[in-house]
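Data first, discussion second: the structure below is written as structure tokens.
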Amino acid sequence: MRLLSAGFAVIAALASQPALAQTLALVGAGNQIGLLVGSTGGTVDTVNFNFSSQPVGTAVPQSGAAIPIEIALFSKGGAASAARVVSLTASPAVASASGLTSGANVVPWTEISWTVASIVSSVGTTTVIGPAAGSFPATGPTTTLISLQCTTPSTYCYVHADYTFSYKNTNVVPAGTYTGVIVYTVSML
Amino acid sequence: MKPTARSIAAALVLALCALPTPGWGFSTVSATNVGNVATLTANLNFSLVVPRFLLLRVGSIGVIDSISFNPTAAQVGTGAVIAGTGGDLGGGAVTVLAQGNSTGTGSLVYQTTTAALTDGTQTIAWSTIQVASAGSATIAHPAALSNASATPVTISSGLAGVFNLSATWTYSWSDGGTVNPASSYSGRVAYSLSQP
């Protein structure tokens, strides 16, 4: 039980760090990667676009709430670990591969764009690709949204940004409630 | 090899860490195993609520346009086609936009608010006003206004489901060779778009 106890001790120590500390756990001697999309604590957030008096299809964007997105790497040590690159991409879930759906009606993912703000990276982070404004592709994954490296071994490094999503409102579409899911994937290569 | 309490505990921690957690997660990969790829995923839901709506624009936004025809004395009774003035596009032309997104089939109609153009006493038939349409053929205006004002006149009855149509209507006037009493005649045409 000594190792298990040690694991909890490290988690407690990380809790004092900003951002992703509560989502990381250290096990053995490996590196750790972290991903935060929206709220902490296991909640899957929903970005809502609700028209008020704005007519549909006028190309006046409808904004949703800002969503914090963060990726992190705890480089446990050694030159090799510092060289590892952590990258973030996003893809539609299988059930909404072609876009947001309302019955048989589809709003393509290309209608959803985003801007970024409050970009923060920790000391010791090399941001290879920084957060930037963009739009989802019609199908399939995005290009890399963010990627980082720890500049030195044994470093906890992260990049954070607030993503504000907008519905472009380009076309007149059938009335309805459209839903879809985007899956964010962080990978360490 | 028989598992020890220590190895079981380590395996338990590793298993817990491998569980995907909605909204956030974590994973581990060996620092020495450079060939491995570690991944984490997190979901984000999107919801778009599109309300039912119906939009009709004829001419300027928020203003009732006036189209005027001013024949010269030499043109009276000749049947000459007199171009209009006014309208949001000028020259007696107006912008037309019809949009809807419900499931039913909509219709676009017009109705004159008086039986004829009138100066209060004398009248000139509405049918002396011609309308040229450009743009969407679905909402092409009848070539001349109808004299019947008791019931709406249908411009289009096939506006099914989602539609987003635009056109330009250009109004002109001709007395058709009739000499009308000198005066100023006026009237109003009301356009209506509906969709169940």
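The values are calculated or read from the model by the stated rules, or taken from the named source; none is laboratory data. All figures in this text were calculated on a predicted structure; none of them were measured in a lab. A quick note on method: Cβ atoms are made from the backbone with ideal geometry, for glycine too, and the neighbour counts reach across all protein chains shown. The area values use the complete protein model at the heavy-atom level, side chains included, leaving out ligands, DNA and RNA. Shrake-Rupley method; radii C 1.70, N 1.55, O 1.52, S 1.80 Å.
Details
- Out of A:G34, A:G57, A:G38, A:G28, sole residue that is open to solvent by less than 60 Å² (accessible area, probe 1.4 Å) and modelled with pLDDT under 65: A:G28
- When residues of the range B:47-82 are limited to those that are open to solvent by less than 70 Å² (accessible area, probe 1.4 Å) and small (G, A, S), the one nearest to A:N50 (Cα to Cα): B:S47
- Filtered by the rule that a residue be closer than 23 Å to B:D175 by Cβ and either touching a His at 6+ places or on another chain (Cβ under 8 Å) or of a type in the set (A, V, I, L, M, F, W, C) (or both), the range B:56-85 gives B:I67, B:F69, B:A73, B:A74, B:V76, B:A80, B:V81, B:I82, B:A83.
- Filter result for A:I112 (facing chain B (nearest Cβ under 9 Å), farther than 20 Å from B:F46 by Cα and open to solvent by less than 60 Å² (accessible area, probe 1.4 Å)): no
- Long-range neighbours under 6 Å by Cβ, at least six apart or interchain, first residue under 23 Å from B:S174 (Cβ atoms) within the range B:133-145, second open to solvent by 20 Å² or more (accessible area, probe 1.4 Å) and in a loop (DSSP other than H, G, I, E, B): B:S133/B:A140
- The residue pairs whose first member lies in the range A:167-189 and is more than 7 Å from every other protein chain (Cβ to nearest Cβ) and under 18 Å from A:T58 (Cβ atoms), whose second member is modelled with pLDDT of 95 or more and crowded, with 20+ Cβ neighbours inside 10 Å, and whose beta carbons are closer than 8 Å, counting only pairs six or more residues apart or on different chains, are A:K168/A:E111; A:K168/A:I112; A:N169/A:E111; A:T170/A:E111; A:N171/A:E111.
- Across the range B:95-118, not a single residue is classified as assigned to a loop (DSSP other than H, G, I, E, B), aromatic (F, W, Y) and either within 28 Å of B:T138 (Cβ to Cβ) or open to solvent by less than 50 Å² (accessible area, probe 1.4 Å) (or both).
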